[in-house]
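Input: a single structure, listed below in structure tokens.
The values are calculated or read from the model by the stated rules, or taken from the named source; none is laboratory data. These numbers come from a predicted model, not from an experiment. Because the Cβ atoms are built from the backbone with ideal geometry, glycine has one as well, and the counts that use them run over all protein chains shown. Calculation scope for accessible area: heavy atoms of the full protein, side chains included, ligands and nucleic acids excluded. Shrake-Rupley method; radii C 1.70, N 1.55, O 1.52, S 1.80 Å.
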Amino acid sequence: MSQQSNRADVKPATLGILMVKTHFRRYHGDIGNPNTWNFPVRYKVVEEAVPQRMGHLGEFKLLEPFKRAAQALIDEGVNGLTTSCGYLSWYQQQLAEWSPVPVVTSSLLQYVTVRQLLPAHRQPLILTFDEITLKADYLTRVGIPGDAAVAGMPASSAFVRSIREGDTSVSWQTLADEVLSAAEAALKRFPNAGAFVLECTNLAPFSALIRARFGLPVYDTVTLVNGFYAALRPSFWDGGQQWNL
């Protein structure tokens, strides 16, 4: 079999993305903006999953709606699944055990690896949508210590309000300024931080700004999903030449 036919036999993978039902503007770099990805994606909105419920998954019991939406994507032929909200770490184990395709629910899954990359006196700093609700099983279900460093966006911020209320008018610059201010405040609280882990998928458009301002590595939904996809469809190497499939 020729090398050309080998390449032809490997089809691009399609990633399924389970979406929380929201209405705010998704800038480039957001998981919900298809232009963020250089591979095929399919979206499915989970109608019952609204932002106000994501911090209370133990109360609202949304596993079955997420399974139904996931099954619809699986039936469409996706090769892997992810989600638009880091709080879905709550369902990582249940969805992974149930699904016939691999699942990564949350950028928080990177925490354990990031911790192993840092010196003993440094720790990952989780920047989240709401630090009051990102506690307990949201962390421990994916191997994160319950006392991990967690800092949230201010409840009064346009960032939080735009997501909760579906406000599409908030500018990119306003959001960027708020995210950088929140990151700076978080570092003052946790000065031994060695890297950021951004729980909220909507923080990812500002990762490069965080890295440039504070000089720390940033792990977000884009680093998670790009690595996940690379494992689903590794690059094809042919005599030293790379073929992206």
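In degrees from 0 to 90, rounded to the nearest 10, what is the angle of the helix 172-189 Cα long axis to the longest principal axis of the chain?
Tilt of helix 172-189: around 70 degrees.
Provide, for the chain, the number of lysine pairs with alpha carbons under 24 Å apart, each pair being eight or more places apart or on different chains.
Eligible lysine pairs with Cα atoms under 24 Å apart amount to 10.
Using a simple spin-label model with points 7 Å from Cα along the Cα→Cβ vector, what separation in nm is obtained for Ala155 and Arg42?
So the two model labels end up 4.0 nm from each other.
Within 10 Å, count the other beta carbons around each residue, average over each peptide in 114-127, 96-109, and list them highest first.
In descending order of packing, they fall as 96-109, 114-127.
Roll a 1.4 angstrom probe over the protein heavy atoms and tell me the percent of accessible area of segment 1-128 that is carbon or sulfur.
50
HN-Hα J couplings of segment 111-128 from phi, Karplus 6.51/-1.76/1.60, θ = phi - 60°, integer Hz, Gly and Pro as x?
So the J values, rounded to whole Hz, are 4, 4, 5, 4, 4, 6, 7, 9, x, 4, 8, 10, 9, x, 10, 8, 9, 10.
If I model a spin label at Trp98 and Lys61 as a point 7 Å from the Cα along the Cα→Cβ vector, what separation in nanometres do I get?
Each label point is offset 7 Å from its Cα along the Cβ direction, giving 1.3 nm.
Report the calculated FRET efficiency for Asn192 and Ala230 (r = Cβ-Cβ distance, R0 = 41 Å), to the nearest 0.05.
0.85
Within 10 Å of each candidate Cβ there may be at most 16 other Cβ atoms; applying that plus a DSSP loop requirement, which trypsin sites (Lys or Arg not before Pro) in segment 27-81 survive?
Listed in order of number, the matching sites are Lys61.
Please turn the phi angles of segment 161-169 into ³J(HN,Hα) values with the Karplus equation 6.51 cos²θ - 1.76 cosθ + 1.60 (θ = phi - 60°), one per residue in order, whole Hz, x for glycine and proline.
4, 5, 6, 5, 9, x, 7, 8, 8
Compute the accessible area per residue over segment 15-90, keeping the other protein chains in place, probe 1.4 Å, unit Å².
With the other protein chains kept in place, segment 15-90 gives 43 Å² per residue.
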